[in-house]
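Have a look at the structure below, then the notes.
The values are calculated or read from the model by the stated rules, or taken from the named source; none is laboratory data. As the structure is a prediction and not an experimental result, all values here were calculated from the model. No Cβ is skipped: glycine too gets one built from the backbone with ideal geometry, and neighbour counts run over all protein chains shown.
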Amino acid sequence: MKLLTANFVQCSVKACSATPKCFPLHFDQQTADVPLELAHEDVDFSPEFIYNILPRIDWPALLITARELGNNMLPETTPEIENPNAPENEQILRDLHTLLLETQIIQGSMRCENCNHIYFIRDSIPNFLLPGHLVQ
Amino acid sequence: MSRPETTAPPEVFYSETESKKYTSSSRIQHIQAEMTLRALDLLALDPHQHILDIGCGSGLSGEILSQEGGHVWVGMDISPSMLAVALDRDVPGDLLLADMGAGIPFRAGSFDAVISISAIQWLCNADTNTADPKRRLARFFDTLYAALRRGGKVACQFYPRDDRQVEQILGAAKTAGFAGGLVIDDEDKKKNRKYYLILTAGNITTNDINLKGVKIDKQHAARRTSKKNRKEESTKEYINRKKELMRKRGKLVALDSQFTGRKRRPKF
Ligand SMILES: C[S@@+](CC[C@H](N)C(=O)[O-])C[C@H]1O[C@@H](n2cnc3c(N)ncnc32)[C@H](O)[C@@H]1O
Ligand SMILES: [Zn+2]
């Protein structure tokens with residue numbers, strides 16, 4: 001799962017989606033049988049896509065996720081970009097591209113802060129199927 | 001031929017064997033590609049959008065989203081075997097194992113658009129005695145609405161069993177707050193009729209969706225005579241030919257003007 005997607009998924013439990021705690025899911029508790037594993041995967045660079053999606057990235061949530069994954073290097077606020085094709089913006093767009101689209105969470109677990117349900121990620125696919133007692 | 005939906009739950013029906021068979025059939029590849037192109041055609045999206053593909057399976061529909069307009073997509077599916085095939089094929093989209101009937105697990109405003117090709121009819125079936133299709137449809141459309149940005153658009157091609165299922169699906173979409181309706185392609189051919197549920201979240205004019213155009217014309221007949229050549233084509237060649245044809249044809253049925261007789265063509 002890309003970091004981009006991690007910035008949009010929330011807990012699937014109906015009672016949780018009504019609370020602000022259902023997002024973001026947290027990477028702060030990992031288990032020994034599915035240890036956290038990240039990888040870099042090349043993706044074609046599209047400045048336009050980054051530019052389009054940037055206003056909808058929840059930056060505070062991204063900071064939390066990055067920190068939980070061991071990255072403390074992000075700026076505190078959303079970078080401001082006026083023209084995606086201006087040469088002076090290329091580096092920041094490339095950095096965002098690498099962060100959001102090329103960083104893959106290969107395996108690990110995500111925790112809902114409200115219900116504490118753990119969503120496991122294996123083979124880079126998070127499992128959002130809920131056990132019977134959580135389906136409403 | 002019996003409907004897959006009535007034989008077994010989706011994650012059972014789309015077993016390892018069936019998933020491989022499904023994905024490697026060039027006939028299926030062509031049909032899924034064509035319907036995805038048609039869905040995109042109806043949505044008339046700007047390039048570089050963030051899209052969700054519901055019931056993405058092995059990625060036959062999603063791949064088109066990457067090729068056409070450089071969209072970035074996330075696919076969700078309930079069948080681990082289908083997703084395994086998608087992984088093997090190295091599709092560009094992110095993948096999620098999830099049941100659409102339990103809700104779309106994304107925060108508000110996540111997507112510019114949503115497509116679903118040949119999947120949502122599964123919601124009309126109760127696979128266990130605790131599954132209530134009505135509740136699952138409601139949960140599906142409610143969370144779908146929330147996951148879209150305001151003005152976001154949806155195109156779902158689906159295979160309704162009968163008019164009742166069409167009504168059921170349209171009703172649930174409307175209750176969730178969507179505007180839109182149904183586009184039926186190839187209406188005259190009962191067996192090949194294609195249903196596209198076209199929705200918008202929030203108030204935008206229908207001009208934002210591409211529903212202009214003419215009815216099936218002579219180009220259509222010409223297409224059928226070229227059936228022989230079709231066999232040798234790669235999917236890519238096929239797609240290019242289809243796109244060319246669609247452009248020439250100027251699209252199909254308009255939503256409002258062509259739809260009369262509520263019983264047979266329900267809309268809202
Ligand atoms: C005919 S396949 C279409 C796959 C892909 N969209 C394509 O065009 O090739 C239907 C897919 O819907 C999925 N599906 C059925 N019920 C589902 C559910 N409740 N939640 C998510 N996916 C579901 C199936 O697992 C299957 O992969
Ligand atoms: Zn939760």
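Any chance segment B:116-132 includes a residue that's more than 13 Å from ligand 1 (Cβ to nearest atom) and hydrophobic (A, V, I, L, M, F, W, C)?
No - not one qualifying residue is present in segment B:116-132.
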* Structure fact -> Looking across segment B:133-157 at residues that are crowded, with 23+ Cβ neighbours inside 10 Å and in a strand (DSSP E or B), the single one that is farthest from ligand 1 (Cβ to nearest atom) is B:GLY152
* Spans of helices (runs of 4 or more DSSP H) in segment B:1-95 with at least 2 residues in contact with a helix residue (DSSP H, G or I) (Cβ under 7 Å, 6 or more places away or on another chain) and either near ligand 1 (Cβ under 8 Å from one of its atoms) or free of Cβ contacts under 8 Å to residues at least 40 places away in the same chain (or both) -> B:4-7, B:10-13, B:16-24, B:26-43, B:60-67
* **Residue in segment B:99-119 that is farthest from ligand 2 (Cβ to nearest atom), counting only those that are within 17 Å of the chain's Cα centre (by Cα) and outside any strand (DSSP E or B)** => B:SER118
* Hey, does segment A:39-50 have a residue that's more than 15 Å from ligand 2 (Cβ to nearest atom) and either under 10 Å from the mean Cα position of the chain (by Cα) or crowded, with 21+ Cβ neighbours inside 10 Å (or both)? -> yes
* To do: Please go through segment A:7-32 and pick out each residue that is hydroxyl-bearing (Ser, Thr, Tyr) and either within 16 Å of ligand 1 (Cβ to nearest atom) or farther than 19 Å from A:GLN104 by Cα (or both).
  => A:SER12, A:SER17, A:THR19
* Given the conditions (1) without any contact (Cβ under 8 Å) to a residue 24 or more places away in the chain; (2) among the aliphatic types (A, V, I, L, M); (3) surrounded by 19 or more Cβ atoms within 10 Å (Cβ to Cβ); (4) farther than 22 Å from A:GLN107 by Cα, and given that B:ALA126 satisfies all but one, which numbered condition is not satisfied? -> (3)
* Consider B:GLY70 carefully, then state whether it is modelled with pLDDT under 95 and either of a type outside the set (A, V, I, L, M, F, W, C) or touching a strand residue (DSSP E or B) at 6+ places or on another chain (Cβ under 6 Å) (or both). => yes
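Report whether or not B:PRO133 is facing another protein chain (nearest Cβ under 10 Å) and of a type outside the set (A, V, I, L, M).
no
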* Asked: Which residues, counting only those in segment A:118-136, are away from chain B (no Cβ under 11 Å) and touching a Lys or Arg at 6+ places or on another chain (Cβ under 8 Å)?
  -> A:ILE118
* Structure fact -> Going through segment A:8-34 in order, the residues found to be over 17 Å from A:TRP59 (Cβ atoms), within 16 Å of the chain's Cα centre (by Cα) and within 11 Å of chain B (Cβ to nearest Cβ) are A:CYS11, A:SER12, A:CYS22
* What about B:ALA102, is it among the aliphatic types (A, V, I, L, M) and in contact with a helix residue (DSSP H, G or I) (Cβ under 8 Å, 6 or more places away or on another chain)? -> yes
